[in-house]
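This report concerns only the one structure given below.
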Amino acid sequence: MTIQEQIISLRDELREHNYNYYILDNPTISDYEFDMKLKALQSLETAHPEYYDPNSPTLRVGGEITKNFETVVHQHRMYSLDNSYSKEDLLDWEKRIEKIVDGEVEFVCELKYDGASISLTYENGNLVRAVTRGDGTQGDDVTANIKTIKTVPLKLKGNYPDKFDIRGEIVLPFDGFNKMNEERLQAGEEPYRNPRNTASGSLKLQDSSEVAKRPLECLLYNLKGNKLGVSTQFEGLHKAREMGFKVPEAARLATSVEEVVEFVNYWDVHRHDLPYETDGVVIKVNNLQQQEELGYTAKAPRWAMAYKFKAEQVSTRLNEITYQVGRTGAITPVANLEPVELAGTTVKRASLHNADQIEKLDIREGDLVYVEKGGEIIPKIIGVDFSQRPSNSKVTNYIIHCPECGTELIRQEGDAKHYCPNYNGCNPQIIGRIQHYISRKAMDIEGLGGETVALLVNEGLISNYSDLYRLTKEQVLPLERMAEKSAENLISGIDASKTIPFERVLFAIGIRYVGETVAKKLAKHYKTLDALMRATFDDLIAVDEIGDRIAESVLEFFNSEDNRRIIHDLRQFGIQMELSEDLLANQTDKLNGSAIVVSGVFESVSRTELKKLIEDNGGKVSSSISSKTTYVVAGANMGPSKRTKAETLAIPILTEQEFLDLLK
């Protein structure tokens, strides 16, 4: 046997032993024998670097140093999930599904593990990249750290697609977490707070050998890509197991919401027997074609729902109510609490939302209050223990002046929030707007963080986001914790933002109610900022999904002389004020005013590409057929009830090719 053959043979053998031990929990050799084989492979690889393999089992020990984690755009966006808390929520969801898809609907119930979301990319059976969830659109490349986790296969088994992503959670089992804390206490160090945060923090350690010391596991649950060889979510879980992934066995098929609720009720009790943290159940439509038909909202898939277990609840003393000013001027009352342990974290503050909420619950300083984590993420006060209320208790009078600038607050009819109207003179609003402008989903300015923005404003160097482009290295160097290199990075990061596309600029400038999705819609419709600035109220509400509130907010923003001046300055600095020529070149008005339903399986283009073609040519994609539908584009396996409805309403049914010909 040649040296190369010995190396390949040892690698294959070690991978198989690793799979038996960590995935099947059925070791076939002792730990000592495994270590001896690993050392033998390490010796051969060291002596023969020409046979280097980036996915060798020897790399599990780590050692690679990552100083800066590269930002990577997800090929398939990682969405968040809508939450439900009752059987009624699930029944409502089921009704919405049945209005859109044909045929029987099956559900897959899976446990929702509380860890750090990860997306793994495989090509030709080899792990090529691991990326954190980030903001769902892009995340950080943590491949070197993920390779140290034994339950992540570096090379796949059996039959696998040429290229695909698989999604999952990096978790820290309770046993491993407790052992880590015992070691920290013995070393005189502070223990970690909870497994989830520790798992998440582990992914961003710079030294991968430190990650290798932590008993992290990777639980996988969702395949993403083309030609995966499966037609249902349940088949996908089975295929993932066959390829060598650790896929929890608890998943169950359900044919009704009643069966879903049975699964939820069982695990609400038995989750405490699990070796990992879990905070609910994820319910998915099983059929992948039905998933495609259902599609996505701006934030979440319509085909999946998270059912959250009842939140943990504790009581503690409310010491003081303070008030925060947001970038829009909205005032948020904050409860400052006696620190208390809740769902694995120490809670010191909770949002009180608005004046109505304080009045409704009769919340007062000095009260003993009940606190829970809404969705086990954001702490909130849900009630007061009136039997413990001090005799000298005073009713909470909501503030009438801004806590930052002293301006009298306003509250518009129908709005639950109070606002500070001092748009250009209230520091938290100014800082908040600039922080929003530089954020990742907006202008994504590297080298500039929220604290630095506050410093720049407080030092009088900037008073709005257009001032960023006037900054020089000499101006920022004297700032606290600012060195020569970081000052250069800040200025170059600001300069690089001039290439950010128009739709993100429109989101960045911070028009109230214009979020990421609305900004894209307005950019696509008006194509230039000048056209949007000329739009009337009637023009705006005629745009798909733009209502009165958004239209009024857009008009108010551009009617401001200060805002128009800032926009003028941004234009002078070279910020993108219109859609790129590439995007404009692919857009027409051929389908303007058309509402089109897409149904079935397509061959020459994917469903996603088909929907993009409709939108790029001025059409609107609808989920259900009605008298307002212009066309139905039908692929293979179109649902019979949809076809019947289209024929009854005399709506033209186009084949995939007929639709593509229509656009030529």
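The alpha carbon centroids of region 303-326 and region 456-530 are separated by 33 Å.
Taking packing as the residue-averaged number of other Cβ atoms within 10 angstrom, the listed peptides 500-510, 529-539 run from highest to lowest as 500-510, 529-539.
Normalising by residue count, region 487-545 has a Cα convex hull of 90 Å³ per residue. Shown for the chain: the carbon plus sulfur share of the solvent-accessible area, taken with all protein chains present and a 1.4 angstrom probe, equals 48%. Set the Cα radius of gyration of region 123-193 against 2.2 N^0.38 Å, with N its number of residues, and you get 1.46. Counting only the Cα atoms, region 465-613 fills a convex hull of 166 Å³ per residue. The H on the amide N of Y296, modeled in the peptide plane, is under 5 Å from the matching H of R302, each at least 5 residues off or on a different chain.
With viscosity 1.002 mPa s and temperature 20 °C, the Kirkwood radius over alpha carbon pairs of region 542-633 converts through Stokes-Einstein to a diffusion coefficient of 132 µm²/s. Note on region 150-280: Cα convex hull, mean projected area over all directions, 10.0 nm². Taking only the Cα atoms of region 594-645, the ratio Rg/Rh comes out at 0.95, with Rh defined as the Kirkwood radius. Over the Cα atoms of region 337-485, the radius of gyration divided by the Kirkwood radius equals 1.07; this is the Rg/Rh ratio.
For the chain, the solvent-accessible area of protein heavy atoms averages 50 Å² per residue (probe radius 1.4 Å; ligands and nucleic acids excluded). Below 13 angstrom from the Cβ of K664, what's the summed charge of the other residues (Lys, Arg +1; Asp, Glu -1)? Within the 13 Å Cβ shell, the charges total -1. Counting charges near M638 (Lys, Arg +1; Asp, Glu -1) among other residues having Cβ under 14 Å from its Cβ returns a value of -3. Each Lys or Arg adds one and each Asp or Glu takes one away; over the other residues whose Cβ falls under 14 Å from the Cβ of L455, this sums to -3. Amide hydrogen proximity for F164: with H placed 1.01 Å from N in the peptide plane, the residues at 5 or more positions away or on another chain lying under 5 Å are Y122. Using only Cα positions of region 1-138, each an equal point scatterer, no hydration layer, compute I(q)/I(0) via Debye at q = 0.11, 0.12, 0.16, 0.22 Å⁻¹ and quote the log10 values to two decimals. For region 1-138, the Cα-only Debye profile gives -0.70, -0.78, -1.05, -1.37. Legend: distances between Cα atoms for K112/K204; K360/K380; K37/K150; K310/K380; K179/K213; pairs beyond 18 Å are K112/K204.
Computed from backbone phi with θ = phi - 60° and the Karplus coefficients 6.51, -1.76 and 1.60, the 3J(HN,Hα) list for region 520-529 is 4, 5, 5, 5, 5, 6, 8, 6, 9, 5 Hz; x is used for glycine and proline. When the trypsin sites (Lys or Arg not before Pro) in region 345-446 are filtered for DSSP coil states and for at most 11 other beta-carbon atoms within 10 Å of their beta-carbon, the remaining sites are K394. Placing a label point 7 Å from the Cα of S580 along the Cα-to-Cβ direction, the residues of region 432-451 whose backbone N falls under 16 Å from that point are 442-444. Karplus-derived 3J(HN,Hα) values for region 150-155, using 6.51 cos²θ - 1.76 cosθ + 1.60 with θ = phi - 60°, are 5, 8, 9, x, 7, 9 Hz; glycine and proline are entered as x. In the chain, taking the dipole from charged Cβ atoms about the Cα centre, the farthest positive-side position among G639, L203, F107 is held by G639.
The convex hull drawn around the Cα atoms of the chain, when projected onto a plane and averaged over every direction, covers 36.0 nm². Placing R0 at 56 angstrom, the Cβ-Cβ distance between T46 and D495 gives a FRET efficiency of 0.80 after rounding to 0.05. A crude spin-label estimate for the pair V128 and T517, with each label 7 Å from Cα along the Cβ direction, gives 3.1 nm. Rounded to whole numbers, the Karplus 3J(HN,Hα) couplings from phi for region 190-200 are 5, x, 5, 6, 7, x, 4, 5, 5, 4, 4 Hz, using 6.51 cos²θ - 1.76 cosθ + 1.60 with θ = phi - 60°, and x at Gly and Pro. Classification of region 69-218 by its C-alpha gyration tensor yields an oblate form. The axis ratio a/c (a ≥ b ≥ c) is 1.5 or more, and b/c is at least a/b. Counting only aspartates and glutamates at least 8 places from K157 when in the same chain, those with an alpha carbon closer than 18 Å to its own are D12, E13, E16, D25, D53, E123, D165, E235, E242.
What separates the Cα centres of region 1-43 and region 135-203 is a distance of 22 Å. Here the dipole of the chain is about 520 debye; that uses its Cα centre as origin and unit charges on the Cβ of Lys and Arg (positive) and Asp and Glu (negative). Each distinct pair of alpha carbons in region 279-363 adds a 1/r term; the inverse of their mean, the Kirkwood radius, is 16.5 Å. The share of alpha-carbon pairs in region 262-312 lying farther apart than 15 Å comes to 55%.
The values are calculated or read from the model by the stated rules, or taken from the named source; none is laboratory data. The structure presented is a predicted model; accordingly, all values stated were derived computationally and were not measured. Neighbour counts run over all protein chains shown; Cβ positions are idealised from the backbone, glycine included. With ligands, DNA and RNA removed, areas are computed over all heavy atoms of the protein, side chains included. Shrake-Rupley method; radii C 1.70, N 1.55, O 1.52, S 1.80 Å.
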